[in-house]
Structure formats: C-alpha cells, structure tokens
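Here the structure is laid out as structure tokens; the discussion comes afterwards.
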Amino acid sequence: MSVEEELLKAKKEKDSLTKQRLLQIIKTIYDQFATEQIPQLLIPTRTKSNIAFNEESEVWVYGERESARSCKTVRGAYSLLKSSYTIEFLNKQLEENRSSTLRELYYISEGWKLAKFREQPESDRMIEDLEIITELQRENFHVRPEENGATIFGPIRIKENVERRGQVSERVIHCIDDVGEGGYQIPYNVDNLDFVEHDAKFIIAIETGGMRDRLIENGFDTDYDAIIVHLKGQPARSTRRLLKRMNERLKLPVVVFTDGDPWSYRIFASVAYGSIKSAHMSEYMATPAAQFIGVRPSDIVNYDLPTDKLSDQDVRALQSELTDPRFCTDFWKDEINLQLELKKKSEQQAFASRGLDYVTDVYLPERLTSLGII
Amino acid sequence: MAENIAEKLAQKQREISIAEFFEKNRHILGFDSSTRSLITSVKEAVDNALDACEESGVLPDILIEIHKVDKDNYRVIVEDNGPGIVKEQIPRVFGKLLYGSRFHALKQSRGQQGIGISAVVLYAQLTSGRPTAVYSKTGKNKEAHYYELVINTKTNEPEILMEKIVPWDRPHGTRIEVEMEGTYVRARKQSIYGYAKSTAIVNPHARLTLVEPTGDTQVFERVTEVLPVEPCEILPHPEGIELGTLIKMLRYTERRRLTSFLTNEFARIGHKTAKEICAKAGVDPDVNPSDLSRDQAKRLLEAFKTVKIIAPSTECLSPITEELIRKGLEKEYDVDFIATTTRDASVHTGNPFIVEAGIAYGGSLPKEEKTDLLRFANRVPLLYQQGGCASTHAVEKINWRNYELLQPGGSGIPQGPVVILTHVASTNVPFTSESKEAIADIPEIVDEIELAVRDVARGLKNYLAKQKVLAKRKEKEEIIERVLPKLAEKVSEVMGGPQPDIQPIVAKIMGNVLVQKTTEQSDNTSIVTIRIKNFSESQKEFKLHQVSAAEIEDPTPKPRVSSFDGQFDNIWKVSIKPNAEKKVRYTVKSEQSPGANPLVEGILAEMVTGADALPKKRASE
C-alpha cells in the first residue's frame with residue numbers, strides 16, 4: 001500500500017470511529033425514550049469550581065461534577081434537540097467527506113427551525129459539548145475554526161503538508177527568511193506541521209501586536225535567538241497547540257509576555273494551565289512549562305510604569321482569580337493582592353515611557369535572566 | 001442706659017416688606033429653584049382651579065399652557081371652567097398674601113393657607129417685572145373681567161394696572177397668565193408633565209390639557225363623569241385642639257354658657273359629656289366662656305383628654321375610592337395588574353383622615369429601576385422631599401421580599417416594574433413644611449399608610465404567585481408540545497427506527513396519570529392492553545371507561561358493563577398509588593375495531609395523559 005493509500009485508510013477509520021461515537025449520543029436519547037426515561041445527557045460541569053489538577057500531565061482538566069441537559073427544563077430540551085440536529089448534520093458531513101467552519105455551522109442551523117442556534121457562541125459551545133462527550137476533537141467532526149491570524153516569527157524552518165482538492169503537497173518555510181514582516185500565519189490544524197530545524201533558544205509568546213512589532217523592529221529575535229509568537233489576545237486553540245508542540249518536540253522553554261491586568265493573566269493561564277472553557281483539551285493544548293514574564297503588578301512598582309486605574313470589572317476579575325484554582329500559588333496570590341492594593345494596571349507598551357528600546361534592552365533581558373532562560 | 005438701647009433698637013425695628021419675607025422664605029414656599037418655581041406655579045393654579053370646580057359641582061376642564069418667552073422666562077397660563085370669581089374679589093385673591101376662604105374651615109381641600117397663588121404672582125413680578133393677567137367670568141350672561149395687577153410689596157395690597165371688560169367665549173371660569181423666570185424640564189417625575197400625569201391619576205373626573213413649550217399638546221382625559229363627594233365642613237374635635245386655639249375660641253364665642261359653648265362649637269360633645277368635662281376640670285358649667293382664666297382653660301384641655309369622647313365624624317372626608325384609583329392608574333400606565341384599597345377612616349390629634357393605596361405592576365414599566373412612588377395628600381401630588389415623607393417611610397418599613405419584589409440590601413424602596421400610590425385625605429394633613437411636599441411622621445398616619453400599602457402588596461403577591469405557576473405550566477407545555485415531538489422524530493430519523501411513543505415521558509414531565517392503550521393482533525382476535533401508570537405524587541382514584549361496539553371478551557380485571565344505544569360501556573374502578581402501574585386486558589374479534597380511546601371519570605383532565613375526561617353531563621348520570 002502506498003503512503004497515500006495508508007493515509008486515506010487511517011482517515012477513513014478515524015471518520016468511522018467519529019460517526020460511531022456521535023451516533024451513540026443519538027442512541028442514548030432514543031433508548032431513553034424507549035425505556036420511558038426523561039431524555040438527558042450528562043456533561044462535565046464547565047466552571048472554575050469543577051476543574052482539577054492532573055498530576056500526571058500537570059494541567060487543569062475537568063473534575064468529577066456533571067450537569068445534566070434534561071428535557072425537564074425548556075433550556076435542556078432545546079439543547080437536546082439542537083444536539084440531535086447537529087449530530088445529524090455532522091454525520092452527513094462525515095459521510096460525504098466534506099468540512100465546514102464553526103461559523104458555517106451556525107448559519108446552516110438557520111434552516112433547523114426550533115433547533116436553530118440563536119448566536120454563534122451557542123453553536124460553538126455545542127461543538128465543545130460534543131467534543132467532551134465523544135472524547136474527540138472538532139477536527140474529527142471536520143469542523144474548523146475561522147483563521148484568527150496569529151503568527152510566528154523567528155529562526156525556525158517549518159514543513160507544512162497542504163491538502164487541496166485531494167492533492168497533497170509539501171512546503172518548507174523559514175519563519176524569518178521566507179516570510180514578510182507579518183510572519184508565518186499559524187494554520188488551524190497545526191498537527192499537519194513538521195519542524196525541520198531551528199536555531200532558537202526559547203519561545204516568547206506576546207499578547208499584543210504592538211509589542212510583537214516592537215520586538216521584531218528591534219531585532220530581538222536575532223539578538224536573543226527567540227521565536228516570537230503573537231497570541232492576538234486570548235490565543236486560539238491552534239496557537240496553544242503549536243506552543244505545546246514546539247515546547248515538547250524542540251524542548252524549547254516558553255515564556256509569556258502580556259499586559260498587567262486580570263484579563264491578561266487569564267491569557268497566560270490558558271496557555272500554561274488550560275482554559276476553563278476547553279479543559280477537556282488541556283492535555284492536548286496546555287504548556288505547563290510556560291513561564292510568565294510580565295507585566296507583573298510588582299513591575300508597576302519596580303519599573304515605575306505609567307498606569308491606569310483598575311475598573312470595577314477589573315477588581316471583580318482579580319477577586320475571582322483569587323478563588324480560581326489555577327491561580328492558587330504563592331506567586332499569583334502575592335501579585336494579585338498587590339495589584340488590588342495598588343488599584344492600578346499597566347500595559348506592555350507602557351515601557352515606551354522609558355524609550356522605545358528599553359523593553360528589549362533592559363526589561364526583557366533582566367526578566368529572562370532571572371527566569372534562567374538566558 | 002436701658003432706655004437708650006431700647007431707642008436704638010427701635011430705630012432699627014421696622015416693618016418687613018412681604019417681598020423681603022418672600023425672598024427669605026422662598027424655599028419653604030416651593031420657589032427654591034428655577035425648575036421647581038415653574039412647577040409650583042402651575043401646581044398652585046391648578047389646585048385652586050380643581051377646588052373651585054368641585055365646590056361648584058362642575059366637571060373640571062383645565063388648560064395648562066407653558067410658553068417660552070426668552071432665554072430664562074416662561075409664560076404660564078392656567079384656565080379653568082370653574083365658577084369664576086366675583087369682580088370685587090379678584091384683586092385680593094391674586095394680589096394679597098394670606099387671603100383665602102379656606103384657612104378657617106375644617107374641611108378636606110387642596111389649598112389651605114391662601115399663600116399659594118399670590119406667592120406665584122409675587123414671584124412672577126419679582127423675576128420678570130411683569131404684572132399678572134387675570135380673566136374671570138361668573139356666568140353665561142355675565143361679563144368677563146380682565147385685570148392686570150401686581151402686589152404692592154410695602155403694603156401687601158393689590159395694585160391694579162389695568163381693569164376692563166373683555167369678550168370671552170367661556171361660559172364661566174378663570175384664567176391666569178403669569179410671566180416668570182424658570183426652567184422647563186420634562187423627562188422626570190419632578191416636572192410639569194409629571195405633575196399633570198399624577199394629578200390626572202387621582203382626579204379621574206378632571207380633563208387636563210397640557211400645552212408644552214414645544215407646542216406638543218397632551219390631553220389627560222377624564223375616565224368618570226362623577227364628581228367626588230363634596231367634603232363638608234366640621235367642627236373641631238376636642239382631642240386635637242391646642243391651648244391657644246381654645247383660649248381664642250373661648251374669648252370670641254357668642255355662647256353665654258360654658259356647656260353650650262362646648263356642645264355647639266366642638267364636634268362629638270353632647271350635654272352629658274360637657275357636664276362631665278366641666279366637673280373633671282373643676283369649672284362651673286354655667287360660667288360665661290369669655291370669663292375663663294388661662295388656668296381654667298388649661299384644666300379644660302386636660303379634661304378633654306381624660307373624658308371619653310367619640311372619634312370625630314369621618315363623613316367630611318372625600319376619598320378617591322378604590323375603583324377610581326384603579327381607573328386613574330389604568331389610564332396613565334400600561335400595566336398587567338392593579339390592586340387598590342381605601343382604608344376606614346382614622347384619627348390623628350383630633351383630625352379625621354383616610355389612607356388609600358394602589359399598586360400597579362408589569363406592562364411597560366421599567367423592570368430594573370427603583371419603584372416609582374406616587375405620593376398624594378388631599379388629591380395633590382407631592383413631588384419633592386420624597387425622603388422626608390411619612391408615605392415613603394411607611395413603604396420603606398415593609399420587607400418587600402415577602403411580597404416577591406426585589407429590595408436591594410433588604411430595606412428601602414423596592415425594585416421592579418412597580419408603581420406604588422399613596423393618598424392621605426384629611427381635614428388637616430400635617431405637612432413638614434409650608435411648601436407641603438412631605439407628610440409629617442405622625443405614628444397613626446405612618447401605621448395606616450403601611451397597612452394600606454401592605455394590603456395592596458398582598459394582592460400583588462397573590463398575582464405574582466399565580467403567574468409563577470402559570471409560567472411553569474407554560475414552560476412544560478412548550479416542552480411537551482413543541483420540543484419533545486421534534487426530538488423523538490429527529491432521533492428516530494437518524495437511528496432509522498420507529499418513532500417512540502412520547503406519551504409516557506409527557507406524563508412523567510407533567511406528573512400525570514398515564515393511560516396508554518395498545519392493541520396486538522393475534523389470529524382472528526385483537527388483544528387490547530390499557531396500561532395505567534401514576535407519575536403524580538399522590539394516590540389517584542377514578543373510573544376508566546372503554547366504550548365498545550360489542551361485548552369485550554376475557555377482561556381482566558372484570559369491568560362493570562352498561563349498555564346504551566347498542567354500545568357497551570365497560571367501567572373499571574381504578575385506585576393507584578404514586579409510581580404504581582396497573583393493566584387492564586381484554587380481547588375483541590378482529591373484524592371489530594378495538595374501539596375509541598379510553599375515557600376517565602372523577603379526575604381532572606389536566607391530570608391525565610393519554611385519555612380524555614368524561615364530559616360532566618355524562619358523569620352525573
């Protein structure tokens with residue numbers, strides 16, 4: 001058998017397993033009708049009170065608690081109805097070997113009348129529910145996210161397997177020499193990537209585009225042999241998966257550089273520990289070895305940064321983090337309490353108040369040294 | 001030396017002009033801001049207009065116009081269809097402070113002191129420098145008089161600038177036009193619009209037409225043609241009298257004997273009670289009242305308190321009534337529920353009073369704001385000083401969470417789509433200040449308001465509880481009628497299997513008794529099974545009917561059979577515990593249809609899934 005045939009066979013097997021698991025959900029409901037039980041599906045409760053630390057994989061995953069989507073309530077009944085329509089659609093899609101985006105799925109439901117999704121976050125959540133129940137990933141359902149435009153830039157050569165109209169081809173790309181200033185755009189299925197070679201010592205993941213551009217303009221990547229990953233806010237799954245793969249395969253340390261506010265700490269948490277919304281994928285996407293560079297509340301004091309006042313929402317978010325098990329470490333408790341005391345927050349780009357080179361010449365080297373990276 | 005000082009002081013002592021008095025006291029008269037001054041002016045004029053119309057038995061038809069004259073000045077016009085004012089009185093009614101007909105009367109009325117409208121005239125001339133114009137006509141065949149006047153601030157006497165007879169198409173009525181400094185606002189309760197709306201609610205017999213500076217005209221139409229019962233004047237009740245008033249009454253009475261004074265000048269004192277009072281006070285009952293010393297008067301007052309005197313008559317009060325408060329709220333608010341109450345009359349310090357309350361809920365009222373509190377005293381809306389008013393305090397005392405409303409922090413004004421209305425009617429409403437915006441915290445009044453508001457709140461609570469049950473039932477109906485059938489259809493379509501019977505699940509969700517009939521073909525007979533399962537939480541007893549065209553065979557258990565019109569009614573008595581299941585079986589010849597659906601008797605149709613309840617008529621046979 002040729003390689004292509006083998007690939008095809010593996011794909012077919014995976015698809016048939018996916019169909020089987022999806023149809024099992026429908027069978028569960030069907031059997032409940034037959035045995036006169038009020039139809040319901042059990043799904044792990046997706047809140048911060050139900051995430052647990054997995055010692056083995058060192059990431060946060062869902063705990064034991066389950067909630068029922070039951071026909072006893074209107075919401076539950078609609079949720080089951082929408083599940084059944086969604087599964088019917090996915091099943092057909094798998095049979096026809098086609099795929100769709102999350103957004104397309106939302107629009108497809110237009111024709112489902114009662115089972116129509118009210119907004120895209122609702123259909124996105126439905127796909128996540130199905131991932132959790134089937135213990136598969138949305139890629140297995142042939143559902144992909146919209147491209148979110150996150151990029152990498154740095155001394156690494158990547159091989160991408162491109163499949164179009166049934167033709168498979170390979171492209172090798174160097175993420176400095178072969179790309180423009182914008183960098184290499186991370187595709188949605190990063191498991192199709194191979195790492196060919198690299199000269200990097202570490203990976204730095206950055207929240208905002210402005211700071212990413214600053215590092216590139218200042219030549220930080222070549223000066224420090226760094227791969228610069230732009231997170232673009234709360235990072236997409238593919239970005240987190242890529243960070244994890246580079247960390248594991250290339251044994252490169254990962255550091256995360258964000259703004260100094262509660263929302264940015266959550267960005268770091270989802271990279272390092274796993275997010276609450278997709279804790280079922282934590283083992284696949286979280287990078288427990290990732291370290292937080294800053295901006296730390298103590299940096300606001302130590303580097304005398306320009307600040308903004310914390311809003312009421314910021315304060316609530318910080319307080320909520322104090323009860324979030326992922327932040328239950330001495331480091332985070334001290335920093336969050338300090339910030340609540342200061343009542344202030346700072347952005348990454350606040351370092352510009354010391355000159356455009358300060359962040360690359362002073363701050364980052366100092367922090368990277370103290371973290372033992374350089 | 002002392003004389004010197006007295007002389008020096010005498011040089012400084014002089015009469016204070018009423019203009020100065022006004023300047024110093026404008027806040028207590030309701031003229032402390034430019035917004036409020038405009039509202040107060042309208043309010044004083046409209047109060048007078050309503051009082052005048054009601055006294056003369058005319059359904060009030062009142063026009064309020066506000067025109068912008070220049071940057072700071074507005075022209076306020078209030079016109080009524082009341083009895084008019086006789087020519088000689090016009091200048092003094094409008095041009096002299098503290099001139100009025102109601103100050104001495106113990107009677108429920110809107111205005112009392114006679115400060116109101118003349119204060120408006122004074123404020124107008126002080127701020128705009130312009131005189132007030134008055135039109136008045138007392139009857140169809142009478143002439144309409146027109147005056148332009150100001151108040152002489154030195155003498156407190158009217159000064160007439162122009163006086164003439166003018167043509168006026170109204171059969172009778174009064175019109176006042178004043179120009180004054182002011183600010184016109186609209187988008188809140190404390191506004192002329194808010195005042196007009198509130199006034200329209202508690203005066204459902206009045207038509208108010210408001211023309212705003214923008215030219216927009218809003219008509220608050222009347223919803224009843226019946227005038228409120230005219231309140232009557234009463235004599236003072238001894239319980240509330242003060243020493244000074246008593247001494248004054250003693251001095252100026254025309255009665256020659258004390259007992260006759262007591263029985264004729266006070267309410268609720270008969271001859272026997274008068275004697276008893278005199279004895280208690282140790283005063284000769286036959287003495288001339290004007291000869292009583294201050295000390296004797298004081299003893300008399302003491303005696304009033306110890307002798308049992310029946311409460312004052314309450315006939316003199318004119319409540320709005322439950323029905324008209326409802327109509328008033330209905331016409332000005334779009335709501336789902338209204339409760340109203342009029343309490344029995346009560347007494348505070350010798351003054352009779354009645355408290356009424358109303359509550360309106362839902363509809364287009366804002367859901368997340370603080371409840372709107374509409375306070376009224378003698379049918380006049382109280383717009384300012386909400387925090388200092390007995391009505392507010394009574395509402396705040398109530399634990400609204402007991403009445404299914406939100407109350408952040410567990411105290412204070414509740415939150416939600418609610419309007420609460422309170423009305424205190426009395427011959428003497430005790431206000432906290434002259435501007436009459438807040439009722440004083442007299443314990444008897446606060447208690448009565450609280451009881452009235454609790455009364456309507458109970459009505460709201462019952463309504464909300466019923467709504468909750470209905471909502472739950474509706475929710476369940478949505479599940480069983482819309483979602484479940486679709487779900488069953490979709491899962492069987494995907495599975496490629498037969499569609500499951502959803503009735504058992506419906507019965508389970510509703511907590512009903514399930515009656516499920518199935519038929520099995522076997523050779524030339526059909527085996528019929530009627531399955532009964534009780535998904536409710538209580539034991540159920542009822543009769544199960546199965547009508548058949550022929551006699552059924554081998555039934556277990558055996559039914560009672562009655563035949564009619566050539567048909568057979570097979571009846572089983574069923575007694576079934578919660579979660580228990582029973583079966584009825586029988587066979588019929590295949591050529592015969594298995595019969596219609598079974599029927600139940602002696603149980604509510606809503607409690608059964610899968611069988612209809614027998615119509616009442618048949619059941620009684």
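Things worth noting here:
- Lone qualifier among B:I325, B:I359, B:I320, B:I338 - being surrounded by 20 or more Cβ atoms within 10 Å (Cβ to Cβ), free of Cβ contacts under 8 Å to residues at least 40 places away in the same chain and either of a type in the set (V, I, T) or more than 18 Å from B:W400 (Cα to Cα) (or both): B:I338
- The single condition among (1) touching a strand residue (DSSP E or B) at 6+ places or on another chain (Cβ under 9 Å); (2) of a type outside the set (A, V, I, L, M); (3) without any contact (Cβ under 8 Å) to a residue 40 or more places away in the chain that B:K43 does not satisfy is (3).
- B:S290 vs. criteria among the polar types (S, T, N, Q), more than 22 Å from B:P352 (Cα to Cα) and modelled with pLDDT under 90: yes
- Of the residues making up segment A:15-32, just one is among the acidic types (D, E) and either more than 25 Å from the chain's Cα centre (by Cα) or closer than 15 Å to A:I132 by Cα (or both), namely A:D31.
- Candidate set: segment B:114-151, residues that are aromatic (F, W, Y) and touching a helix residue (DSSP H, G or I) at 6+ places or on another chain (Cβ under 8 Å); chosen: the one surrounded by the most Cβ atoms within 10 Å (Cβ to Cβ): B:Y123
- For segment B:474-491, the criterion of being basic (K, R) and outside any helix (DSSP H, G or I) is met by none of the residues.
- Residues satisfying the stated conditions in segment A:164-189, i.e. outside any strand (DSSP E or B) and modelled with pLDDT under 85: A:R165, A:G166, A:Y188, A:N189
- Top-ranked residue of segment A:1-34 - restricted to ones that are of a type in the set (S, T, Y) and not in a loop (DSSP other than H, G, I, E, B), ranked as nearest to the other protein chains (Cβ to nearest Cβ): A:Y30
- Restricting attention to segment A:241-257, the residues being under 20 Å from A:G372 (Cβ atoms) and touching a strand residue (DSSP E or B) at 6+ places or on another chain (Cβ under 9 Å) number 10.
- In the set A:T134, A:T45, only one residue is at pLDDT 90 or above and either away from chain B (no Cβ under 14 Å) or under 23 Å from A:I276 (Cα atoms) (or both); that residue is A:T134.
A quick yes/no check of all residues on (1) within 12 Å of another protein chain (Cβ to nearest Cβ); (2) surrounded by 19 or more Cβ atoms within 10 Å (Cβ to Cβ); (3) touching a residue at least 60 places away in the same chain (Cβ under 8 Å):
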position	(1), (2), (3)
B:D455	no, no, yes
B:L460	no, yes, yes
B:V469	no, no, no
B:L487	yes, yes, no
B:G497	yes, no, no
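- Residues of segment B:439-453 that turn out to be β-branched (V, I, T) and either in a helix (DSSP H, G or I) or within 14 Å of chain A (Cβ to nearest Cβ) (or both), as a count: 4
- A:I87 at pLDDT below 95, in a helix (DSSP H, G or I) and either touching a Ser or Thr at 6+ places or on another chain (Cβ under 8 Å) or at the interface with another protein chain (Cβ under 10 Å from one of its Cβ atoms) (or both): no
- Verdict on B:P231 being in contact with a Cys (Cβ under 7 Å, 6 or more places away or on another chain) and within 30 Å of B:N203 (Cβ to Cβ): yes
- Residues (part of a loop (DSSP other than H, G, I, E, B), within 9 Å of another protein chain (Cβ to nearest Cβ) and either closer than 27 Å to B:L614 by Cβ or more than 60 Å from the chain's Cα centre (by Cα) (or both)) located in segment B:499-527: B:D501, B:I502
- Candidates in segment B:363-387 are the residues that are small (G, A, S) and modelled with pLDDT under 90; of these, the one that is surrounded by the most Cβ atoms within 10 Å (Cβ to Cβ) is B:G363.
- Residues located in segment A:258-271, provided they are under 16 Å from the mean Cα position of the chain (by Cα), surrounded by 23 or more Cβ atoms within 10 Å (Cβ to Cβ) and not polar (S, T, N, Q): A:Y265, A:F268, A:V271
- Residue pairs whose Cβ atoms lie under 7 Å apart, sitting 6 or more positions apart in sequence or on different chains, and linking a residue in segment A:358-374 that is under 14 Å from A:I216 (Cα atoms) to a partner that is outside any helix (DSSP H, G or I), are A:T360/A:N218.
- Residue match in segment A:35-42 (condition: within 14 Å of chain B (Cβ to nearest Cβ), buried (at least 19 other Cβ atoms within 10 Å of the Cβ) and of a type in the set (D, E, K, R)): no
- Every residue from segment B:474-485 that is within 7 Å of another protein chain (Cβ to nearest Cβ) and of a type in the set (V, I, T): B:I479, B:V483
- Test: B:L464 is closer than 27 Å to B:T199 by Cβ, away from chain A (no Cβ under 14 Å) and surrounded by 15 or more Cβ atoms within 10 Å (Cβ to Cβ): no
- Test for A:R98: is it surrounded by fewer than 17 Cβ atoms within 10 Å (Cβ to Cβ) and away from chain B (no Cβ under 14 Å): yes
- Candidates A:K113, A:K82 - the one that is within 24 Å of A:M281 (Cα to Cα), within 11 Å of chain B (Cβ to nearest Cβ) and either free of Cβ contacts under 8 Å to residues at least 40 places away in the same chain or basic (K, R) (or both): A:K82
- Hits in segment A:63-78 (condition: more than 10 Å from chain B (Cβ to nearest Cβ) and closer than 17 Å to A:E122 by Cβ): A:S67, A:R69
- Residue in segment A:164-186 that is basic (K, R), over 27 Å from A:K11 (Cα atoms) and touching a residue at least 12 places away in the same chain (Cβ under 8 Å) present: no
The values are calculated or read from the model by the stated rules, or taken from the named source; none is laboratory data. Predicted model, so just to flag it, every value in this text is computed and none were measured. Backbone-built Cβ (ideal geometry, glycine too); neighbour counts: all protein chains shown.
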